[in-house]
Structures are given as structure tokens and as C-alpha cells.
1. Just for the stretch 20-74: of the residues that are of a type in the set (G, A, S) and more than 19 Å from S7 (Cβ to Cβ), which one is modelled with the lowest pLDDT?
2. In the stretch 45-57, which residues are surrounded by fewer than 15 Cβ atoms within 10 Å (Cβ to Cβ) and not aromatic (F, W, Y)?
3. List, please: which pairs have Cβ atoms under 6 Å, are six or more places apart or on different chains, and start with a residue in the stretch 29-46 that is closer than 10 Å to L16 by Cβ and end with one that is of a type in the set (G, A, S)?
Amino acid sequence: MGGWKGSKDSESLASLQLAVDLGCNFFDTAWGYGAGHSEGLLGQIVRLNPGKKLYTATKIPPKNSIWPSRENLS
């Protein structure tokens, strides 16, 4: 869904919508999945389903872009 392996946005959106139609209401994503691309697709699905309670979780990398993050030793 993040643009890996030649995925198509139209197929990803159709899959997400099918999941919503079948009752899925929780989605987990991360900025690292296509540099925010998957979050954008998920946002489209949320906006297309205003009458449904859809829950999302996301993760972002640390400000210093070092991942995994390291303990601050200062």
C-alpha cells in the first residue's frame, strides 16, 4: 500500500474500502510506509466514510531521523 512492489493506489483504496464494508474499523500505519503515502490513502478512506467510526494509529520517526531511536545519553 505504500507503493512497494508495484502496488496500485486504486487497488489499495478498493481493498481498504472492502475492509471497511466488511466491518473493519481499526487501521495501523506509519510514515515509513511509503514516506506517508499509506497514510494519505487511509485518509482518503476515512473521508469517504464520514458516517462510520474508523480508528487509526500511526507512527512517526524521531526528529533526528535516527531509527531505531537511541537513548539520550547527555
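1. So, considering only residues that are of a type in the set (G, A, S) and more than 19 Å from S7 (Cβ to Cβ), the one modelled with the lowest pLDDT is S74.
2. R47, L48, P50, G51, K52, K53, T56, A57
3. Close Cβ pairs (under 6 Å, with a partner that is of a type in the set (G, A, S)) amount to S38/G2; L41/S12.
The values are calculated or read from the model by the stated rules, or taken from the named source; none is laboratory data. Model, not experiment: these values are computed from the prediction. So basically every Cβ, Gly included, is an ideal-geometry build from the backbone, and we count neighbours across all protein chains shown.
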